[in-house]
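The values are calculated or read from the model by the stated rules, or taken from the named source; none is laboratory data. Small disclaimer: the values here were computed from a predicted structure and weren't measured. Glycine gets a Cβ as well: all are built from the backbone with ideal geometry, and neighbour counts include every protein chain shown. Side chains are part of the model used for accessible areas, which takes the heavy atoms of the whole protein and leaves out ligands, DNA and RNA. Shrake-Rupley method; radii C 1.70, N 1.55, O 1.52, S 1.80 Å.
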Amino acid sequence: MEKPFQFKQFSINQNRCAMKIGTDGVLLGAWSSLKNNPFSVLDIGSGTGVLSLMLAQRSHAELIDALEIDENAYEQCVDNFEQSPWSDRLFCYHASLEEFAEEIDDTYDLIISNPPFYSEDYKTKNDQRDLARFNDAMPFNHLIESVAKLLSKDGTFNVVIPFKEEDNFVDLASKINLFANRILHVKGNPNTEIKRSLIEFSFQEKKLEVSELIIETSRHEYTLDYINLTKAFYLKM
């Protein structure tokens, strides 16, 4: 049996999930702003539930809903929620985003997603991993349209995507009045290209704040910025 991934205040079992705990998710969960004190949070495509659990740790949100279509991942997410210190605030739905957006009348103050995307240009032989990894399962325009329905008027939507998709994603969102307010560009080390974009959207057009985060100066030598962002979660930070 695979050992749980241990964070400072919770642990995650991930043996049944195609997508394991990764830097993208942890960065997004740590970076997303809580300045509007969200009462309700929605995690789209929750996988293990790590984003929901991070936001439960960081916020006073009373309602944290997660959405997961893959049955194995859904069951694991439910178990991870039940074993956490915040089980009374966390709930996972086993449904597609389309079904969920049609059925739910309420809106959320904070929506967060580490959506599936093409990080490689080929498919593996593992269908479950491919479903989690490739945006066949959740095209960006479908994600953005659903978010526009589910986000409260003063709410924020936070997402992590490949940097090469940033312009396209921001453009798609602006067409339905979701505007990029903050962007964080993530680089593995000072000499690599930007790999990921973390983007915060809202229905308000504001002056765009763009910043950069470098993860390591050299192998396992983490930058102060990265340590400060993740130290509330990672055991060794």
Next on the checklist: Full-extension gain between residue 103 and residue 71, please, as 0.36 nm times their residue separation minus the C-alpha to C-alpha distance.
Outcome noted: 9.6 nm
Checklist entry - Taking 0.36 nm per residue of separation and subtracting the Cα-Cα distance, what length does fully extending residue 221 through residue 192 add? => result 8.9 nm
Next on the checklist: Using the Cα centre of the chain as origin and beta-carbon charges of +1 (Lys, Arg) and -1 (Asp, Glu), tell me which of 116, 50, 104 is placed farthest towards the positive end of the dipole.
Outcome noted: 50
Item to check | Percent carbon-and-sulfur accessible area, segment 1-80, ignoring ligands, DNA and RNA, probe 1.4 Å | outcome: 48
Checklist entry - With charges set only on the Cβ (+1 for Lys and Arg, -1 for Asp and Glu), what does the dipole of segment 183-224 come to about its Cα centre, in debye to the nearest 20? => result 60
Item to check | Nearest-10 value in Å² for the accessible area of residue 226, using the 1.4 Å probe | outcome: 10
Checklist entry - Using helices alone, what [θ] at 222 nm do you get for the chain, with -39,500 (n - 2.57) per DSSP H run of 4 or more residues, divided over all residues and rounded to the nearest 500? => result -8500 deg cm²/dmol
Checklist entry - Which of rounded, prolate, oblate describes segment 190-237, given a ≥ b ≥ c as roots of the alpha-carbon gyration tensor eigenvalues and a/c under 1.5 marking rounded, otherwise prolate only if a/b is larger than b/c? => result oblate
Checklist entry - segment 142-237: which GluC sites (Glu not before Pro) are DSSP loop and have at most 10 other beta-carbon atoms within 10 angstrom? => result 193
Item to check | Distance from segment 210-237 to segment 1-61 (C-alpha centre basis), Å | outcome: 17
Checklist outcome for this item: Per DSSP, the loop-located GluC sites (Glu not before Pro) within segment 1-76 having at most 13 other beta carbons within 10 Å are 2, 62
Checklist entry - To the nearest 10 square angstrom, what accessible area does residue 179 show with a 1.4 Å probe? => result 40
Checklist entry - Between residue 62 and residue 82, 0.36 nm times their residue separation minus their Cα-Cα distance comes to what? => result 5.6 nm
Checklist entry - Per residue, how many Å² of accessible area does the chain show with a 1.4 Å probe? => result 50
Item to check | Heavy atoms of residue 182: accessible area, 1.4 Å probe, square angstrom to 10 | outcome: 40
Item to check | Accessible area, probe 1.4 Å, largest first, for residues 94, 220, 185, 60 | outcome: 60, 220, 94, 185
Checklist entry - Given +1 on the Cβ of Lys and Arg, -1 on the Cβ of Asp and Glu, and no further charges, what dipole in debye does the chain carry about its Cα centre, rounded to the nearest 20? => result 1060
Checklist entry - For segment 155-237, what does the alpha-carbon gyration tensor say about shape, rounded, prolate or oblate, given a ≥ b ≥ c as the root eigenvalues, a/c under 1.5 as rounded, and a/b over b/c as prolate? => result prolate
Checklist entry - Shape call for the chain from the C-alpha gyration tensor, a ≥ b ≥ c root eigenvalues: rounded (a/c under 1.5), prolate (a/b greater than b/c) or oblate? => result rounded
Item to check | Using a Förster distance of 25 Å, the FRET efficiency for residue 96-residue 3 (Cβ separation, nearest 0.05) | outcome: 0.20
